[in-house]
Structures are given as C-alpha cells and as structure tokens.
Amino acid sequence: MPARERPRRRFLWFGSFALAVLAGIVFALGSLRLAFIRPASSEGTVLLYFLSTLVFFSFLVLGFVLIRSLLRVYAERQRLVLGAKFKTKMVVGALALSLLPAIALFLVSYALVNRSLAKWFPRPLEVVRDDARALAQHLIGEGERRAFELARTLAEDPSLRPTLEHRAFAQAQAFLPRWIERYEVAWAALSTESGELIAAARRPGVTADFRSPLRDANLASAPNKRVFTQFIGDHNFHFSLAPVQAPSGRLVATAIVAVAMPLEMQAKIHEIEAESQNYEALAAERKTYNWQALLMLLFITVLVLYAATWAALYLSKQVTVPIQALALATEEVSRGNFDYRVETPAQDELGTLVASFNRMTSELGESRRQLEASRQRLEQAVTEVEQRRKLMEAILESIPTGVLTLNQDRIVVNSNPTAARLGAQGGATDVGLAEWFGNQDLGLLTTLLDRAARLGAASGELELRFRQRVAQLAVTVSALRTDGREEGFVVVLDDLTELLRAQKAAAWQEVAQRIAHEIKNPLTPIQLSADRIRRYLERQARAGPAEQEESARLIGDCATQIALEVNGLKTLVDEFSRFARFPAARLAPARLNQIVESTLASYRSAPNGVTIRRELDPTIPEMQLDTDLMRRALANLLDNALEALNGAAAKEIVVRTRHLTPLPAVELSVADSGAGIPAEAKSRVFLPFYSTKPEGMGLGLAIVERIVNEHSGAIRVEDNELSGTRFVIELPTRAAAPL
C-alpha cells in the first residue's frame, strides 16, 4: 500500500466508525425510547439535536467523498488506466444493485412511518384517554363521598357528643376501636379545634402513618368539612373531616376518617394516569419523531450507497492492483528477465496467483538451466532403450524357440524369425491363430490359451504339419496382465521333433529290453523242461515199467510248465498289440456325470474299508465324448487308486467333476488317500511299460493319457491335499476333433 494512501484510509475507517456510532445513538434516543438513555432534561434534548446535526454534516462529508470517488473513477477511465474499466463496472454494478432498492426502501419506510404516527395518535384514542381519566376521578370521588359519610356518621354519634362535651377523652379513646370495627375503616381520630389529636385508633393490620397528611391538610383551616385522597406507604386513602357539635350546638371536636382504596382500583387508576401521561408526552414529540425518522432513513440510504461504492472500489483495487503488477511483470519476463518478482501484496486467489507467478519465474530460470541437462539425459535414455530393443530383437532372432505375441482377441501381433518359419503365413501379423498355422486343428492350443487366461500359464505338446513335415511342438502360453486386466498372451513354440524322436528311441529300447526280459524269463523254464524230457526219453528205452510210469508223470509236469509260460508270453504279446492298435475316439454328445455314475456302479462292491465318494457338478453341459473310452480311462484310474490303498490307514477315493467357468472346460479328478507317488516317478508314470508295481505291465496310465489326448484334453498328476495321489483330467466342453 502506498504511504500517501494510509492516512486517508485511516481517516475513512475512523469517520465511518464514528458515523455509525453517532447514528446508533441518535436512533436509540429518538426511536427506541430506551429509558436508560432517554433525555430526561432540556440539556439531553439539546444533546440529541446536536448529535442529529452532527450526523447531518457527516452525510455531507460522505456525499462529498462519494462524488469525489466517482469522479476519480471517471478520470481514470478517460486516461485508459489499466483496470479502470473493471473498476467502473464494479462501481456501476454496485450502485445499480443498491440504488433502486435503497430509494424504494426509503420511500416505503417513510410512508410507513407517517402512517404509523397517524395511527399512534388518532382522535378516538384521545377520547378514550379523557374518558378513562374521568372514570378514574369518578371512582376517587365515590371513595371520598363514602369517607365523608362515615366521618359525618362518627361526628353525629349520640354517645360520642356528650362525652366530648364533658371532655371525657378517655371514653372517646375507648369508643373509637369499636366504631372502626363496626364500619370497617382504616383509621379514625378526633381532634381539637386547633388540630391537636385527642383520640385516634386504627384497624388491625394497618401500619400507615396518618399524622403527616393531616398536618399537610391544616385541619384548623376547614372546621366544617374537608375531603381529600392521599397516597401513604403503598396505599391510597380517602380522608374526610366532619365537625362534632355538642347538644348545645357548640363545636367540641373534629371527626377524621381514613378509608383505604381497594388495591385493584388503585392499580387501575395509577395505570390510567401513567398511560395518559405517556400518551401526552408522545403526542407532544410527534413532529420530532417524524423528523428523526426522515433523518435516519436519509442516513441509511446515503450510507448504503456509500458502502456499496466503497466496497466496489475496495474490491476492484484488490483485483486491479495485482493485475497491474502482473502485467508489468509479464512484460519483464517476455524480455527474458526471469529474476523479476512481483512485490505487490495480494490476498486470496490473487495472492495465490502472484505467488504462483513468482514461483513460475524462478522455476523458469531453473528450468532453463536444467533443460540442457534433461535433453542430454533423454538422449542417453533413448539410446539405451534403442540398444535394449536391438539386443532383445537379436536374442529373439537368434534363439531356436519360436515366440508369438497375441493381443486380447488372440490375434498375432508379433513373431520372431523362428516362429515365422513354423507358420504357414511366414511372419504375417494381424491374423488369427488358425490362419497363421494354416487352418490346422488347434483344439489343444485353444485349451492352453483358456487355461493360461485362468491360471496365468499353461503348457502342453502339439503336433502340427509344417511344409511337408510333422513337427512335435512343446507349447507354453503365458498371459499378459496389467493391473489385473488381460492384455494378451505370449506363446512359446519349441520344436521337440528330434528330441521326441530320441526319447521314443530310448523308450522303445527300454520297451525292447523289458519285453526281452519278459520273454527270456519264461524261455529258461521251457528250455529246462525240454532238456528234462529229452533225458527221460533217452532213459526210457532201458527203463523198467516202474521207471516208465515216473517218466510219463515227469513229461506231463514239464508239458504243463511249458504251456503256462507260453500263455504268459501270449498275454504279453496281446497287451502290446492292443496298445499298438489303440482305436481312434468316436466322439458323440454325452454327459460326463452320467459316464462317472455308470462307471462307479461297477465299484459298489469295493473291498472292505474302502469308501468311494463322489462330488459331481450339476452345471456341466453336454460334451463331445467317446463314452466307452472315457469309462475305460476312469476304470484304470479307479483300479490304480484301489491298489494304492493297500496298507493305508484311511481308505478313501474321491471322484470329483467341476465346471471351469468362464472357460469352456471341465475338470475330472480321482484322488486317493494312499502312500502317493515319489516325485522322481511323476514325470514317467505316463510312459508305456513303466510301472511302480513289480507285477504291473505299465500300460494303464499310458492308455489313459492317450484317451485324454484323443479328446483334446490334458492329464496331470499331483499330490493330494493330505496324503495320496490326485489325477486331474481337463477336457474342453466344445466339440473338438482328435489331433
């Protein structure tokens, strides 16, 4: 704030405060009629008029300041001072909003005041006042007449007059209490001609001092009759005096009687008198009230206009002064002076704006210094990102594994060279999986995608034909998620054709060794039995009858042994032939729960102690299944579970089906509470001719896996929750042809 404006602002504040105080005093004295500040003398009235005159001259000062402010705003607008238009709009708007209501309020209020004053002092009210006073005087006169009658009765009492004539004052004193009790008066007395009391008595309970009023009345001046009313203590009493004459006609005393006015009548008379006096005082000041009301309304009108103008000027300065400073600062910043600061004080949002501008200029200077460093860091970061991108591309191009990137709609958006060599469309993008792989059956791959969407990752093996060759691929699918939302998939394709060929060769080598071992075992007893038969036949020619009989028995035993071993070889060959000639699945609509129920029906006579519990999901829809093959697979799993329960403490088998919503797949699991499968054997349990049991052939689980593959499903083995083993089969619910 400029130094030259501070004294003027102090003067305006002090003048406004003093004017408000003076106006409040004038209003309280002239309109509110507060008893504790009402002028009670001519000096107070002079002070009231002095204050009114001071308020009037204050109006003149305010009017001068108001006109001066308006002229100053007009001059600034003519000089095109920055912010003058805004200041003019604020002042005009404030006056427009306050002028019409203020004038209307003044006219309406002044009319209401005049109308109210006319209603306060109507002619009928004066008539009522006079009648009320006359009625009060009549009541007082009636009381005085009664007092006079009682005083005359006392003065004319026949027993009292002789007593007073003979100056027997003691007898008169004894007579008065009886007379008071008889006529129910407050006080009675007898006095001499000079006014000296010779006898007096009062009614019980009356404590007023009646001597002072009698002295003031000067009894000696009215020897014949006198009546008056006097307020004593808290009561009004009617006094009456009557002369007491002796039978001879001589005046011997004066009888005095005091009768109490009823309290209710006394209160009403006092109230009538007080209100009449108040009304007369108000009527005498009617013109004064009219002038004071006019002055107060003028004051309020001018004060409202001045306050509106001053508030508009004050508010406009709160905006225009910081804006002028900001405009100057903007010019400095445009010249490149980022060290310039706005020193003009501002409040509220403008203060925030000024502080933000100063902070902005300092930050601009700092930003200019940091800009070059940031640019260098950005170039370095871009270079590093480009290097990492090239390194990643080099890695993807050099690895022998194919990598596909799919979006959430399962459209190929990117692929590395290895994957491009496997695809039918080369390195094409924005195509579906079926088109990318040459419209081959991708039921298992679709199942893996569904499983990855649910579990996050899934893997399996897929057989596809690429450019006149059949490839065995290990497929791993990983779901890409951002904040829990699925963004796409990464599919890793690993060509396992050569590896599987080597594994198959090793597996068939192991199968050959196993078959050779199985064949070699029965050949030894066959050879021994044949040698024994040959030796016995050589000795048969020179043997006796007894030895021939023994030879026949021995030949029969050897022939039986040879037949048993040959049957064992035949069984081995039959099992191997059935596995090699496994029929293809014939899919048809079927209910998985019905297949489970029909299979479990044959296991109702389970060994003692074994409990088979089923938990079937009723929401599983109809599927494309080979009923016979699925029964065979489930029966193999149940047989293995029953064998695993041998020697177990708790013997329980749980068969469970579950609909994997929202994926198009179901889950069939068989869990037992047996000893379980060792970890190192879990990866080989589905190989042909591999068994953890000495008497097993090792083909049951291999057949189950092949049946599941025929249905485009997957099977896995895992540990049960508490103990034992759990085999889990996942099958797609949609129709799918076998791979």
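The values are calculated or read from the model by the stated rules, or taken from the named source; none is laboratory data. The model shown is predicted, which means the values in this text are computed figures rather than measured ones. When we count neighbours, we look across all protein chains shown, and the Cβ atoms used for this are built from the backbone with ideal geometry, even at glycine.
Structural remarks
- Considering residues of the range 621-647 that are over 17 Å from Ala601 (Cβ atoms), surrounded by 18 or more Cβ atoms within 10 Å (Cβ to Cβ) and out of contact with any Leu (no Cβ under 9 Å at 6 or more places or on another chain) only, the residue modelled with the highest pLDDT: Leu629
- Selection of first residues in the range 657-686 that are free of Cβ contacts under 8 Å to residues at least 40 places away in the same chain and of second residues that are of a type in the set (D, E, K, R), restricted to Cβ pairs under 8 Å at least 6 apart or on distinct chains, gives the following pairs, ordered by first then second residue: Phe686/Glu705.
- Counted residues, the range 668-685 - those being charged (D, E, K, R) and crowded, with 17+ Cβ neighbours inside 10 Å: 1
- Some residue of the range 494-508 being within 20 Å of Glu397 (Cα to Cα), in contact with a Ser or Thr (Cβ under 7 Å, 6 or more places away or on another chain) and at pLDDT 75 or above: yes
- Only a single criterion out of (1) at pLDDT below 70; (2) polar (S, T, N, Q); (3) in a helix (DSSP H, G or I); (4) not assigned by TED's automatic domain parsing to the domain that holds Phe57 is not satisfied by Thr344, namely (3).
- Residue, modelled with the lowest pLDDT, within the range 423-449, restricted to residues that are acidic (Asp, Glu) and in a loop (DSSP other than H, G, I, E, B): Asp441
- Some residue of the range 363-377 being of a type outside the set (Val, Ile, Thr), within 18 Å of Leu473 (Cα to Cα), modelled with pLDDT under 75 and assigned to a helix (DSSP H, G or I): no
- Qualifying residue in the range 657-673 (condition: of a type in the set (Gly, Ala, Ser), at pLDDT 85 or above and assigned to a loop (DSSP other than H, G, I, E, B)): yes
- Residues being at pLDDT 70 or above and among the hydroxyl-bearing types (Ser, Thr, Tyr) are represented in the range 450-473 by at least one member.
- Every residue from the range 594-619 that is at pLDDT 90 or above, of a type in the set (A, V, I, L, M) and either in a helix (DSSP H, G or I) or buried (at least 19 other Cβ atoms within 10 Å of the Cβ) (or both): Ile595, Val596
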